[in-house]
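Shown below is the structure under consideration.
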Amino acid sequence: MKPRVQVKVSDLTRYLMCPRLVYFGAKEHHEGMAKGKERGFIESILLKELAFNLHKFYGERKEEDSEPEPESESETKTEEERAKRIIEDIVDGVERIYKEELKGVEKDYFEEVKEDFIRNLSMSTNMENDEWLEKVRTENELFELENAYGYEREHAMFSEKLSMSGSVDKLIRTEEEVIPCMIKTGKCPEYSVWKSDRVQLAAYAMLIEEELGFETTVKRGFVEYIRNAEFRETQIRRRDRALALQILKRVKRIKGGVFPDKGGNAPCDKCVFAERCETRKTLLSTLFGK
Ligand code: SF4
């Protein structure tokens with residue numbers, strides 16, 4: 001019997017960037033660091049870890065709220081130092097947590113990126129210049145939910161029926177609902193969430209429902225755009241589910257060996273498969289005059 005094609009939720013978002021990324025990704029394992037993109041990769045990991053620990057900033061604000069003393073210059077300075085200490089504390093554990101992903105990174109290089117990251121973030125947490133820390137410490141529904149119910153980190157799921165697996169960054173369970181949350185380290189849209197994030201959340205929703213049984217309906221999710229400290233809620237709509245299923249089918253075909261057309265906004269200039277993609281295109285043109 002032919003083995004069933006296994007799809008990861010991340011394949012669906014990759015498909016939306018460019019279907020050919022799914023094709024080449026299935027043939028060549030290219031997770032992790034692309035050459036020349038090490039700094040960005042490490043920074044993304046550091047940002048992600050920060051997002052898993054935002055309660056440390058938020059908890060601090062709650063304590064401060066109970067002592068409404070006026071802020072002097074030295075108090076503001078202490079506040080900045082405290083924020084810097086929290087950041088240092090969070091990034092200190094990163095090397096151990098992401099041991100596999102950071103394999104091959106020189107210790108000195110990692111330390112250099114880490115120090116730059118702390119410096120830049122500490123500068124941006126100077127509240128006169130930037131609102132990052134202020135936004136992180138402002139009450140919002142996601143923090144309220146995390147405070148009240150906690151969350152399960154990187155909850156892994158697999159559905160035999162869908163032949164799909166995925167690991168959602170945070171999973172919050174309240175008495176009434178189950179809420180998936182994703183951490184994104186890239187650009188934040190002006191409003192709402194990106195289409196690819198909606199599709200990804202819909203895919204997680206279907207995996208959660210498979211795992212917990214048909215009575216469970218995941219109605220909403222959150223996307224944390226950590227770079228901008230924006231925490232966006234989004235409803236998981238029928239059309240998002242339908243699109244996720246449609247892409248799932250296409251991804252299965254591609255992983256089964258069908259070479260797809262390139263995506264409309266394919267990021268070819270920074271693609272690790274650019275050379276192979278060009279060779280494949282030339283080969284097809286020679287064979288079929290395409
Ligand atoms: S080079 Fe462009 S078309 Fe080819 S896989 Fe990469 S992004 Fe897609």
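The values are calculated or read from the model by the stated rules, or taken from the named source; none is laboratory data. Computed from a predicted model, the values in this text were never measured in an experiment. A quick note on method: Cβ atoms are made from the backbone with ideal geometry, for glycine too, and the neighbour counts reach across all protein chains shown. The area values use the complete protein model at the heavy-atom level, side chains included, leaving out ligands, DNA and RNA. Shrake-Rupley method; radii C 1.70, N 1.55, O 1.52, S 1.80 Å.
Does E49 satisfy the criteria of being charged (D, E, K, R), at pLDDT 75 or above and within 30 Å of V258 (Cα to Cα)? Don't jump to the end; show me each part of the working.
On the way: charged (D, E, K, R): yes; at pLDDT 75 or above: yes; within 30 Å of V258 (Cα to Cα): no.
Answer is no for this residue.
Take G150 and tell me if it is closer than 30 Å to R253 by Cα and not assigned by TED's automatic domain parsing to the domain that holds K48.
Criteria not met by G150.
Still on this structure, I have one more. Give just the number: which of (1) within 16 Å of the ligand (Cβ to nearest atom); (2) in contact (Cβ under 8 Å) with a residue 12 or more places away in the chain; (3) of a type in the set (A, V, I, L, M); (4) open to solvent by 20 Å² or more (accessible area, probe 1.4 Å) does V251 not satisfy?
(4)
For residues that are open to solvent by 50 Å² or more (accessible area, probe 1.4 Å) and at pLDDT 90 or above, tally how many sit in the range 113-146.
2
Could you please let me know if I208 is of a type in the set (V, I, T), under 19 Å from F158 (Cα atoms), more than 16 Å from the ligand (Cβ to nearest atom) and not in a helix (DSSP H, G or I)?
In short, no.
Filter the range 165-205 down to residues that are in a loop (DSSP other than H, G, I, E, B) and within 21 Å of L243 (Cα to Cα) and give me whichever is most open to solvent (accessible area, probe 1.4 Å).
The extreme case among them is Y191.
Being outside any loop (DSSP other than H, G, I, E, B) and either open to solvent by 70 Å² or more (accessible area, probe 1.4 Å) or within 15 Å of G166 (Cβ to Cβ) (or both): is that true of L243 here?
no
OK, next. Which residue, of D269, D261, is within 16 Å of the ligand (Cβ to nearest atom), free of Cβ contacts under 8 Å to residues at least 12 places away in the same chain, open to solvent by 10 Å² or more (accessible area, probe 1.4 Å) and more than 19 Å from the chain's Cα centre (by Cα)?
One residue alone meets the criteria, D269.
I'm checking my understanding of the structure. Among residues of the range 211-240 that are part of a strand (DSSP E or B) and among the basic types (K, R), which one is surrounded by the fewest Cβ atoms within 10 Å (Cβ to Cβ)?
R220
Mind counting the residues in the range 228-251 that are in contact with an Asp or Glu (Cβ under 9 Å, 6 or more places away or on another chain) and not hydrophobic (A, V, I, L, M, F, W, C)?
Looking only at that region, the number is 4.
List every residue pair whose Cβ atoms lie under 6 Å apart, where the two residues are 6 or more positions apart in sequence or sit on different chains, the first residue falls within the range 77-100 and is within 20 Å of K135 (Cβ to Cβ), and the second residue, located anywhere, is at pLDDT below 75 and of a type in the set (V, I, T).
Pairs that qualify, where the first residue is within 20 Å of K135 (Cβ to Cβ) and the partner is at pLDDT below 75 and of a type in the set (V, I, T), are A83/T125.
Residue-wise test of (1) within 18 Å of the chain's Cα centre (by Cα); (2) among the basic types (K, R); (3) away from the ligand (no atom under 11 Å from the Cβ); (4) modelled with pLDDT of 95 or more.
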site	(1), (2), (3), (4)
V5	no, no, yes, no
D11	yes, no, yes, yes
H29	no, no, yes, no
K37	yes, yes, yes, no
G40	yes, no, yes, no
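If you don't mind, another one. Please indicate, with yes or no, whether at least one residue in the range 198-207 is under 15 Å from T13 (Cβ atoms), outside the structural domain of L133 (by TED's automatic domain parsing) and within 12 Å of the chain's Cα centre (by Cα).
Yes: the range 198-207 contains one or more residues that are under 15 Å from T13 (Cβ atoms), outside the structural domain of L133 (by TED's automatic domain parsing) and within 12 Å of the chain's Cα centre (by Cα).
Here's a follow-up. Could you list, in sequence order, the residues of the range 95-109 that are among the β-branched types (V, I, T) and at pLDDT below 90?
V105
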